[in-house]
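Peer 1: Take a look at the following structure, please.
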Amino acid sequence: MSMHRPSGCPSCAEPLEEGDRFCGYCGSPVCAFPPPLPADDPTLALPVPAPAPAPAAARAAVSPGRPPAPPWPAGGASAWDAAGPGPCDPPAPPAAGPVPSDVPASPRPARGHGGAAQDAGAGSAPAGWAGDGYHLAGPASAAEPGPSAPPAPAPEPAAPAPSAADPAAVQDPAYGGGETRHDRPYGGPDAPGASPWAAAAAEAPYGSTPTGHEAAAKKTCVACRAGRVDTDGYCEHCGHAQPRERDHVEEELGSVAAVSDRGLRHHRNEDSFAVAATALADGSTATVAIVCDGVSSASRPDDASAAAAAAANETLLEALPRGTHPQEAMHRAILAAADAVTALAPEVPGAQNAPACTLVGAVVSGGLLTIGWVGDSRAYWVPDDRGALPRRLTEDDSWAAQMVAAGLMGEAEAYADARAHAITGWLGADAYELEPHTATFRPDHAGVVVVCTDGLWNYAESAGEMARVLPADAAARPLHSAQVLVGHALDGGGHDNVTVAVVPFAAPPADGAAADASPRAEAAAHPRA
């Protein structure tokens, strides 16, 4: 025995042998330093009530002669390494009395072989379970406490595991007892008798709410399907970023359908759409589709597009049932959308990069097709008879369109230029001059209207290319057709957000418009406002 070591345990006076680091009876450190005294720590978990003393026969069955345990059991690390610092490390600052057995020490990994050892701070963990506050270990027997507490009973062989309704089963003592665990699926066993390893191996179905987490776990990670999704959009278990609600949106009303997708290069979806149908005064139905594209170089482009789409749609649904002409209603809708985006700008004189977006909308009502737009989002007319000529119904407010209109460049050359997509018209507080464009057409045959952002028409720019990509049964299956168009853009590279609405247009009655009426001729009769 070293001169710096006592001959007996400082806590229980149990005889010791050379090389003992801990007392074989009570587990206390056997160095010459006095045991550390408790400190007032308000973050410690509430102590677990001390169990009843074990019978004398059960204590004697451990080892009548109490020989010292070997320092390194065969096949694993020392079972006492989880108890805290080494026995001859500097002691903690002295305080008022002996260390209570139920006060947890600083969390350390449980390193016992086969779950035989447990964390020194496991007094606040569920009974019968050992761990370090972050990784669960297997079932383990509790270490015998010191003289300050009665001896713990031997563990029952068939002791049930704690249920998830028990707060100790779903709270992490290493983080003050208030942090929900998700290092294992759902923080441990959720039924009596269940093993935490079995809970870890069982893969919960996507979208399910684990037992005991009904209030906290509102979303389940789409990657690991185990952890909770925090308010910042990341999984607390694996750290995987979750898809936002607007990353992919689909909607179908029967007479119109729309799909919006984030694309493959952008970190968020800055497009938005609104589709609706309303009854007119004559009993017929009007179908509305609004598509908006947020300007990425401006602030809050996603909020701008959402505000514009909602405001334009609401204005149309209020004006059309009152008998307002669709072209006038569309003009009012664009002005309302502009006001909604302007309201998002900060109330600072001369503020730069105010929220901004483009807009294109279509209204089908009473045999008329009304289009309105600001910016470079487009509308295409594709007849059901693919032998007929498709048309592009809008003209871009962009640098390329201005070059072509001025005769300075050809269309192919202008749109190949790096400045092609610089827009000259948009909705927002810093728009130079708002000039809503509207046009009304009266087609003499059935077809569909494709309303889209440049995330789609970049991959099908001409009307002929758009007609070739659009499925032949688009009028009967508008949602499927919108999905096909979005897929075409993603297959082409998906460099931008992609949003498209498909609006079927029924054939007019036989005694309706003249036979030579066409979208282009009707548009000339109704110049843009």
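The values are calculated or read from the model by the stated rules, or taken from the named source; none is laboratory data. Everything numeric here is computed off the predicted structure, so don't read it as measured data. Every residue, glycine among them, receives a Cβ derived from its backbone with ideal geometry; neighbour counts consider all protein chains shown. Surface accessibility is based on the protein's heavy atoms, side chains included, excluding ligands, DNA and RNA. Shrake-Rupley method; radii C 1.70, N 1.55, O 1.52, S 1.80 Å.
Peer 1: Given the structure, is Ala286 surrounded by 24 or more Cβ atoms within 10 Å (Cβ to Cβ), under 30 Å from Ser462 (Cβ atoms) and over 30 Å from the mean Cα position of the chain (by Cα)? Give the steps one after another, and end with the answer.
Peer 2: Details: surrounded by 24 or more Cβ atoms within 10 Å (Cβ to Cβ): no; under 30 Å from Ser462 (Cβ atoms): yes; over 30 Å from the mean Cα position of the chain (by Cα): yes.
The answer is no for Ala286.
Peer 1: What's the total number of residues in the range 309-320 that are aliphatic (A, V, I, L, M), open to solvent by 30 Å² or more (accessible area, probe 1.4 Å) and farther than 26 Å from His267 by Cβ?
Peer 2: Narrowing the range 309-320 to residues aliphatic (A, V, I, L, M): 309-312, 316-317, 319-320.
Subsequent filtering for residues that are open to solvent by 30 Å² or more (accessible area, probe 1.4 Å) retains 310, 317.
Now drop any that are not farther than 26 Å from His267 by Cβ, which leaves 317.
Of the residues in the range 309-320, 1 are aliphatic (A, V, I, L, M), open to solvent by 30 Å² or more (accessible area, probe 1.4 Å) and farther than 26 Å from His267 by Cβ.
Peer 1: Please tell me if Pro355 is open to solvent by less than 20 Å² (accessible area, probe 1.4 Å), of a type outside the set (Gly, Ala, Ser) and in contact (Cβ under 8 Å) with a residue 40 or more places away in the chain. Give the derivation first.
Peer 2: Details: open to solvent by less than 20 Å² (accessible area, probe 1.4 Å): yes; of a type outside the set (Gly, Ala, Ser): yes; in contact (Cβ under 8 Å) with a residue 40 or more places away in the chain: yes.
In short, yes.
Peer 1: For the range 373-397, which residues satisfy the criterion of being over 35 Å from the mean Cα position of the chain (by Cα) and among the polar types (S, T, N, Q)?
Peer 2: Of everything in the range 373-397, just one residue is over 35 Å from the mean Cα position of the chain (by Cα) and among the polar types (S, T, N, Q), namely Thr394.
Peer 1: Condition first: β-branched (Val, Ile, Thr), within 21 Å of Ala379 (Cα to Cα) and in contact (Cβ under 8 Å) with a residue 40 or more places away in the chain. Now tell me which residues in the range 309-352 satisfy that. Break it down into steps so the answer makes sense when it comes.
Peer 2: We begin by selecting, within the range 309-352, every residue β-branched (Val, Ile, Thr); these are 315, 324, 334, 341-342, 348.
Now restrict to residues that are within 21 Å of Ala379 (Cα to Cα): 315, 334.
If the condition is that a residue be β-branched (Val, Ile, Thr), within 21 Å of Ala379 (Cα to Cα) and in contact (Cβ under 8 Å) with a residue 40 or more places away in the chain, then Ile334 is the only one that fits.
Peer 1: Starting from residues that are over 23 Å from Thr370 (Cβ atoms) and of a type in the set (D, E, K, R), keep the ones in the range 439-482 and report whichever is surrounded by the fewest Cβ atoms within 10 Å (Cβ to Cβ).
Peer 2: Filtering first and then ranking leaves Asp473.
Peer 1: Kindly list the number of the only condition in (1) more than 15 Å from Cys452 (Cβ to Cβ); (2) free of Cβ contacts under 8 Å to residues at least 60 places away in the same chain that fails for Asp396.
Peer 2: Among (1) more than 15 Å from Cys452 (Cβ to Cβ); (2) free of Cβ contacts under 8 Å to residues at least 60 places away in the same chain, Asp396 violates only (1).
Peer 1: Quickly run through the range 229-261 and pick out the residues that are open to solvent by less than 40 Å² (accessible area, probe 1.4 Å), part of a strand (DSSP E or B) and of a type in the set (D, E, K, R).
Peer 2: Selection gives Asp261 alone.
Peer 1: Checking the structure you have, find out if any residue of the range 289-308 is over 25 Å from the mean Cα position of the chain (by Cα), open to solvent by less than 30 Å² (accessible area, probe 1.4 Å) and free of Cβ contacts under 8 Å to residues at least 60 places away in the same chain. Step through it out loud before you land on a result.
Peer 2: Taking the range 289-308 as the starting set, the residues that turn out to be over 25 Å from the mean Cα position of the chain (by Cα) are 289-290.
Those still in the list that are open to solvent by less than 30 Å² (accessible area, probe 1.4 Å) too: 289-290.
Those still in the list that are free of Cβ contacts under 8 Å to residues at least 60 places away in the same chain too: none.
No, the conditions are met nowhere in the range 289-308.
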